[in-house]
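**Student:** Once you've had a glance at the structure underneath, I'll fire off some questions.
The values are calculated or read from the model by the stated rules, or taken from the named source; none is laboratory data. Keep in mind that what you see is a predicted model, and the values were worked out from it rather than measured. Cβ sites come from the backbone with ideal geometry, for glycine too, and all protein chains shown count toward neighbours.
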Amino acid sequence: MRAPAAWRERAPPPGHTIGQRPVFACCTEAWAAVRESALAARRCGACGGLAALRATDAALATLLAHCRAAHARLAPAPPARAARWLADDDIARFLQTLPNYRAAVDRTDYTAQELKQAYEREAEILGTSLGDGEVSSREIVADINTLVDLALFCESMDWLSTNIKTIPSLVGAPTAGGLKLTEKFLNDLAATAAVFDEIAQKCLIFLHLEVSFSDIDRRFYYDISLNCQYFITPK
């Protein structure tokens, strides 16, 4: 995952995982290693299975470190207005409360006219609350390939989080000879998945803001809301 080209190749997720949309191939390979370490711990059973899960913890920590580093490389930097806003945690939390963004997350049904009005209201809220003035062309990401990479990264982080949450059922089903997982392991696992969710949300907010700033087809973006396929699907 350190190779320059690692975050370029896309692939469909393996059939035994949750999710069908394309993700970065390096993420599917990394998840395969995490999953195999968890299954190996389960095979150990009472003979050191819980201790063997430390390898799964270590693999997840390494994966998260690489993903954080990749996010830092792939996410556009200032002067992009969205990047400047998202660099402030308070503003990032505020952006997640925007009515139009929440409507997309909750999949509220909008007509084309209602959607147009929603974006106009959002622009007013941003202008009033953040007071940064009109967004200039240099503050908008013009390179569609940059947005494609960020959208695919968003999908990949969401996919990893979803599959990480399956580890307890993968290794801890007592009726099928699984391990009795500790509360600490479950809490650590949930915390790790939450970080992947947070990274995905930051990517999605960035894309949402770019749609707000530019003339990208808002109706199509809203219809696909969370799956980022507008940017990923070749035009």
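**Student:** When you go through (1) under 17 Å from the mean Cα position of the chain (by Cα); (2) of a type in the set (D, E, K, R); (3) at pLDDT below 95 one by one for Arg68, which number turns out not to apply?
**Tutor:** Going through (1) under 17 Å from the mean Cα position of the chain (by Cα); (2) of a type in the set (D, E, K, R); (3) at pLDDT below 95 one by one, Arg68 breaks only (3).
**Student:** Looking at Ala82, Ala87, can you tell me which residue is touching a residue at least 24 places away in the same chain (Cβ under 8 Å) and under 23 Å from the mean Cα position of the chain (by Cα)?
**Tutor:** Result: Ala82 is the single residue among Ala82, Ala87 that is touching a residue at least 24 places away in the same chain (Cβ under 8 Å) and under 23 Å from the mean Cα position of the chain (by Cα).
**Student:** Tell me, yes or no, whether segment 93-105 has at least one residue that is under 19 Å from Ile205 (Cβ atoms), charged (D, E, K, R) and in a helix (DSSP H, G or I).
**Tutor:** Within segment 93-105, one or more residues are under 19 Å from Ile205 (Cβ atoms), charged (D, E, K, R) and in a helix (DSSP H, G or I).
**Student:** Turning to a different aspect of this structure: Taking the condition touching a residue at least 12 places away in the same chain (Cβ under 8 Å), aromatic (Phe, Trp, Tyr) and either farther than 20 Å from Asp197 by Cβ or in contact with a strand residue (DSSP E or B) (Cβ under 9 Å, 6 or more places away or on another chain) (or both), does Trp7 pass?
**Tutor:** yes
**Student:** While we're on this one: What are the residues in segment 164-207 that are assigned to a helix (DSSP H, G or I), under 20 Å from Thr28 (Cβ atoms) and among the β-branched types (Val, Ile, Thr), if any?
**Tutor:** If the condition is that a residue be assigned to a helix (DSSP H, G or I), under 20 Å from Thr28 (Cβ atoms) and among the β-branched types (Val, Ile, Thr), then Ile164, Ile167, Val171, Thr192, Val195, Ile199 are the ones that fit.
**Student:** Taking segment 2-61 as the search range and keeping residues that are polar (S, T, N, Q) and more than 28 Å from Thr146 (Cβ to Cβ), which one is surrounded by the fewest Cβ atoms within 10 Å (Cβ to Cβ)?
**Tutor:** Ser37
**Student:** Report the residue count in segment 132-163 for those that are over 18 Å from the mean Cα position of the chain (by Cα) and either outside any loop (DSSP other than H, G, I, E, B) or of a type in the set (Lys, Arg) (or both).
**Tutor:** 4
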